[in-house]
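Written below as structure tokens is the structure these notes are about.
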Amino acid sequence: MLTINDNHYFVKSLKISKSSFRKHLGLKPRSYMSHIANRLFEYYYANSTSLRREYRLYYKKEFETFNDYLMQKHNLLQSEIELLLHRKARYKDLTINSELYLDELMNDEAIHAAVTSFGKECST
């Protein structure tokens, strides 16, 4: 899980779901905090774009390889690219549908740590 230049990069797995996010945070399904957690999940993971699919559909003629596409279009370093070579690598542009209060919520250390640990746990 990487967040670089207002883009959130991750490898999609079966572990990434709203219910697993709620369980990771220890929340009851219909609570107020569960509603906030659902919004956080949607902000970081819902409607994400497949990096490989985007490359194949729009950028294959422009860039020789997938690595070149990641390096030049997304401005990623080689060490970051190595983390995203999985066929299920995705990204989400966080500037689209940005909700101000969700950004401010991520400034809270406990919430930031919980979201980060969920991303790390799901990527392993």
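Quick note: the coordinates plus some simple rules give every number you see, no bench work behind them. Here the structure is a predicted model, which means the values were calculated and not measured. Counting neighbours? That spans all protein chains shown, and the Cβs are built from the backbone with ideal geometry, glycine included.
Miscellaneous remarks
- Point-charge dipole on Cβ atoms (K/R +1, D/E -1) for the chain, about Cα centre, debye to 20: 860 debye
- Cβ-derived FRET efficiency at R0 25 Å, Asn47 paired with Thr116, nearest 0.05: 0.75
- The sum of -39500 (n - 2.57) across all DSSP H runs of n ≥ 4, divided by the residue count of the chain, sets its helix-only mean residue ellipticity at 222 nm to -13500 deg cm²/dmol.
- Restricting region 1-102 to GluC sites (Glu not before Pro) in coil, as DSSP defines it, with at most 16 other Cβ within 10 Å: Glu62, Glu64, Glu99
- Point-to-point label distance, Asp93-Thr3, nm (Cα→Cβ direction, 7 Å offset): 1.8 nm
- Rounded if a/c under 1.5, otherwise prolate or oblate - region 2-123, Cα gyration tensor axes: prolate
- Simple spin-label estimate for Leu14 and Tyr101 in nanometres, 7 Å along Cα-Cβ: 3.6 nm
- For Lys28 and Met71, the difference between the fully extended length at 0.36 nm per residue and the C-alpha to C-alpha distance is 11.3 nm.
- Cα gyration tensor category, rounded, prolate or oblate, for region 1-69 with a/c compared to 1.5: prolate
- The chain: Lys pairs at Cα distance under 16 angstrom, eight or more positions apart or on different chains: 13
- Region 13-46: trypsin sites (Lys or Arg not before Pro) falling in loop per DSSP and having at most 14 other Cβ within 10 Å: Lys15, Arg30
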